[in-house]
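**Q** Dropping the structure in here first, questions after.
The values are calculated or read from the model by the stated rules, or taken from the named source; none is laboratory data. Since the model is a prediction, treat every value here as computed from it, not as a measurement. Here the Cβ is made from the backbone with ideal geometry for all residues, glycine too, and neighbour counts use every protein chain on show. Note: accessible area is taken over every heavy atom of the protein model, side chains too, but ligands, DNA and RNA are not part of it. Shrake-Rupley method; radii C 1.70, N 1.55, O 1.52, S 1.80 Å.
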Amino acid sequence: MSVETKISDREIIAALQGGLPIVAAPYAEVAVKLGMSEADLMARIAAMKDSGAIRRIAAAPNHYKLGMVANGMTVWDVEDTQVAELGAKIGALPFVTHCYERPRARDQGWPYNLFAMVHGDTPDEVEAKRAEIAAILGDACHGHDILYSKRILKKTGLRLRKRG
Amino acid sequence: MLDDTDRLLINRLQDDLPLSSHPFAEVGKELGLSEADVISRIEAMKDSGAITRFGPFFDVAAMGGAFCLCAIAVPAGQFEHVMTEVNEFPEVAHNYERDHTLNMWFVLATETPEGIAETAERIEEKTGLQVLCFPKLQEFFIGFRVKA
């Protein structure tokens, strides 16, 4: 067994979860801290990308700072028998960034089972997009709402709890 | 303020970067920028908050963990206090205030599927408020991109 394989994925994730250092050779810098070679760290990261544990290596933007001031979580009460077919149509719309079927919480006054996140430069733009979704859902939709975000309260990457 | 080059860069950086020992040099080559310019622009955008984080996006589900969207109806007057309590949980990855009776919406990321219910329970104990969990049943799109 080589020395590097003794370093767990968990240790590698812990070293990367706050983000990469913004330096010319970021993996070399992280590798030194982990006590492994840059090549071995990169091979381990490549394996995590292959397995799906790492989706991508990229920047997380703050859309408020980019002028995308209107961010509406549209929620829809869609016939259960049609939610798969209609959800696929809504998810394919270019202005929908996330689209999920989720359980209802009727006893809490929450009848909605389809969530579609819509971003725009203005609330009017978001409303127009919401109307487009409503038109596609038609009679299969029994009610809908939109929840605008007022503030980002927290936004971090994955944080593993300390162990031991 | 972001200039056009910053916007070009931020659009490129939201897509997967090549796994290279000098990733910023590679991105610079694609965009016609020097490595030093790419690095200083990313630093500046992190400082200004235009970029909240740069690095690997982990999928806890692929590692045996779980994500879950949760919401709390926080009574008026308690919001700032409850926000502080909720944000202190390391499992809370994102948290947004929204204009609805259910006015606090956050994503839990835990290392095991059981961790979601366990964490939601601890948040209920801490805040004294009910946590509603909305796990995804089906996903219809993945690939969040904001055009800068």
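**Q** What's the long-distance tail for the range B:66-134, i.e. % of Cα pairs beyond 16 Å?
**A** Here the long-distance tail beyond 16 Å is 37 percent of all Cα pairs in the range B:66-134.
**Q** Let me ask another. Viscosity 0.692 mPa s, temperature 37 °C: what is the translational diffusion coefficient of chain A from Stokes-Einstein with a Kirkwood Rh over Cα pairs, rounded to a whole number of µm²/s?
**A** 171 µm²/s
**Q** Could you run the numbers on buried accessible area between A and B, total for both chains, 1.4 angstrom probe, in Å² to the nearest 100?
**A** 7100 Å²
**Q** Between the helical axis of A:38-51 and the dominant principal axis of chain A, each derived from Cα atoms, what acute angle in degrees is found, rounded to the nearest 10?
**A** 30 degrees
**Q** Using the scaling law 2.2 N^0.38 Å as the reference, what is the normalised Cα Rg of the protein assembly as shown?
**A** Here the Cα radius of gyration is 1.05 times the empirical estimate.
**Q** For a Förster distance of 30 Å, can you work out the FRET efficiency between the beta-carbons of A:SER8 and B:THR84, rounded to the nearest 0.05?
**A** 0.35
**Q** While we're looking at this one, here's another question. Would you mind getting the accessible area per residue of the range B:66-134, heavy atoms of the protein chains only, 1.4 Å probe, in Å²?
**A** Per residue, the range B:66-134 has an accessible area of 42 Å².
**Q** Which lysines have a Cα lying under 28 Å from the Cα of B:LYS46, excluding residues fewer than 8 positions away in the same chain?
**A** A:LYS33, A:LYS49, A:LYS65, A:LYS150, A:LYS154, A:LYS155, A:LYS162, B:LYS29, B:LYS147
**Q** Here is a further query. Taking 8 Å as the Cα distance limit and 6 or more residues as the minimum spacing, I'd like the relative contact order of the range B:4-48 as a percentage.
**A** Relative CO of the range B:4-48 lands at 28 percent.
**Q** With every protein chain left in place, what is the accessible area of A:LYS155 in Å² (1.4 Å probe, nearest 10)?
**A** 50 Å²
**Q** If you don't mind, another one. Take every Cα pair under 8 Å in chain B that's 6+ residues apart, average their separations, divide by the length, and report that relative contact order as a whole percent.
**A** Once normalised by length, the contact order is 24 percent.
**Q** Per the 1.4 Å probe, what fraction of the accessible area of chain A, in percent, lies on carbon and sulfur atoms? Intermediate values should be presented prior to the final figure.
**A** On the way: 3970 of 7490 Å².
Carbon-and-sulfur percentage of accessible area, whole number: 53.
**Q** Right, another one. Sticking to Cα atoms, compute the Rg of the range A:4-51 to one decimal and its Dmax as the biggest Cα-Cα distance, whole number, in Å.
**A** Answer for the range A:4-51, Rg first and Dmax second: 9.9, 27 Å.
**Q** Now, a different point. With labels modelled as points extended 7 Å from the Cα through the Cβ direction, what inter-label distance (nm, one decimal) is found for B:ASP47 paired with B:GLU26?
**A** Here the modelled spin labels are 2.7 nm apart.
**Q** If contacts are Cα pairs under 8 angstrom and at least 6 residues apart, what is the relative contact order of the range A:4-51 in percent?
**A** So the answer I get is 33 percent.
**Q** Counting only the heavy atoms of the protein chains, how much of B:LEU137 is accessible to a 1.4 Å probe, in Å² to the nearest 10?
**A** Here the residue's solvent-accessible area equals roughly 100 Å².
**Q** Next question, about the same structure. Step by step: find N for chain B, compute 2.2 N^0.38 Å, then divide the Cα radius of gyration by it. What's the final number?
**A** Compactness ratio reported: 1.29.
**Q** Let me ask something additional. Sort out the exposed loop chymotrypsin sites (Phe, Trp or Tyr not before Pro) in chain A (DSSP loop, at most 16 other Cβ within 10 Å) and tell me the longest stretch that has none.
**A** A:96-164
**Q** What spacing in nm lies between the two simple spin-label points modelled at A:ASP124 and B:SER34, each 7 Å away from Cα in the Cβ direction?
**A** 4.5 nm
**Q** Tell me the label-point distance for the pair A:ALA131, B:ASP3, using the 7 Å Cα-to-Cβ offset, in nm and rounded to one decimal.
**A** Between A:ALA131 and B:ASP3, the label points sit 4.0 nm apart.
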